[in-house]
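The values are calculated or read from the model by the stated rules, or taken from the named source; none is laboratory data. This is a predicted model, so every value here is computed, not measured. Note: ideal-geometry Cβ built from the backbone for every residue, glycine included; neighbour counts use all protein chains shown. Calculation scope for accessible area: heavy atoms of the full protein, side chains included, ligands and nucleic acids excluded. Shrake-Rupley method; radii C 1.70, N 1.55, O 1.52, S 1.80 Å.
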Amino acid sequence: MVKRVLVVEDEVEIGRLVELHLKDLGCEVELVGDGDEALKRALAEPFDLVVLDLMLPGLDGLEVCRRLRAAERYTPILMLTARSSELDRVVGLEVGADDYLTKPFSIRELVARVKAIFRRVEALSVEASSEADRGQDGAPLRFGALEIEPAKRRVSLAGEEVHLTAKEFDLLHCFAARPGRVFTRGELLEQVWGYGYDGYEHTVNSHINRLRAKIETDPSNPTYVLTVWGVGYRFRDHEDDRAPA
């Protein structure tokens with residue numbers, strides 16, 4: 001199936017270059033030059049990927065990303081920017097971008113990142129299909145007062161809905177689907193973000209802190225997402241003696 005990609009870039013030459021190489025991959029590409037039009041197009045029709053510049057006329061890339069992540073439909077986002085500070089890169093990832101490229105970037109790297117995102121999405125689709133074949137599609141996961149509904153991407157705590165960002169949900173589901181398994185930060189970056197970010201393990205830390213703030217009674221003494229000191233994190237399993245309050 002042909003992949004549909006929305007390229008959002010106000011620098012015409014860069015936008016056309018990205019468009020050209022994505023078409024070489026067999027993608028159907030639509031090119032827009034401002035944030036307002038980008039948000040309108042992305043919400044109106046399904047795209048397999050949005051390549052999103054950070055600095056745009058109208059809504060900037062971060063705001064477009066935030067609004068897309070608040071939408072019901074999940075669309076992968078690859079963010080482009082001329083900014084090179086670590087803070088800008090981290091903010092881009094934490095508002096929901098799936099990957100991040102700093103200008104100037106090589107076409108080879110762009111293509112590699114796009115392919116990595118497509119592979120991750122396809123792998124998730126295969127996993128969902130396999131679960132459906134086994135009769136597990138949409139089966140809720142329950143841990144004490146916490147309930148996760150993967151098919152609906154919905155989480156509730158003691159019957160009250162918990163509002164998570166797309167990445168927070170993906171992180172929680174990654175843990176809850178394998179209770180008791182210990183994940184390193186690098187493994188979580190690979191499985192949840194779909195790409196290895198050297199030096200960005202603190203992105204995992206900040207997401208886990210926000211996730212704990214939403215699902216834990218006492219985030220400083222968690223009962224669901226547990227720290228394994230010197231290694232990473234794991235999700236509580238049914239053999240844990242301590243039950244959530």
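Based on this model, can you work out whether residue 113 counts as open to solvent by 60 Å² or more (accessible area, probe 1.4 Å), of a type outside the set (Ser, Thr, Tyr) and either modelled with pLDDT under 85 or part of a helix (DSSP H, G or I) (or both)? Considered against the rule, which asks whether it is open to solvent by 60 Å² or more (accessible area, probe 1.4 Å), of a type outside the set (Ser, Thr, Tyr) and either modelled with pLDDT under 85 or part of a helix (DSSP H, G or I) (or both), residue 113 comes out as no.
Starting from residues that are outside any helix (DSSP H, G or I), under 20 Å from the mean Cα position of the chain (by Cα) and buried (at least 17 other Cβ atoms within 10 Å of the Cβ), keep the ones in the range 31-59 and report whichever is modelled with the lowest pLDDT. Residue satisfying both the conditions and the ranking: 54. Considering the range 151-176 alone, what residues qualify as being at pLDDT below 90 and either among the polar types (S, T, N, Q) or in a loop (DSSP other than H, G, I, E, B) (or both)? Residues satisfying the conditions are 153, 163, 164, 165.
Taking the condition among the acidic types (Asp, Glu) and under 17 Å from residue 106 (Cβ atoms), does residue 45 pass? Against the criterion (among the acidic types (Asp, Glu) and under 17 Å from residue 106 (Cβ atoms)), residue 45 does not qualify. For the range 167-194, filtering for residues that are surrounded by fewer than 19 Cβ atoms within 10 Å (Cβ to Cβ), in contact (Cβ under 8 Å) with a residue 40 or more places away in the chain and in contact with a helix residue (DSSP H, G or I) (Cβ under 7 Å, 6 or more places away or on another chain) leaves 1.
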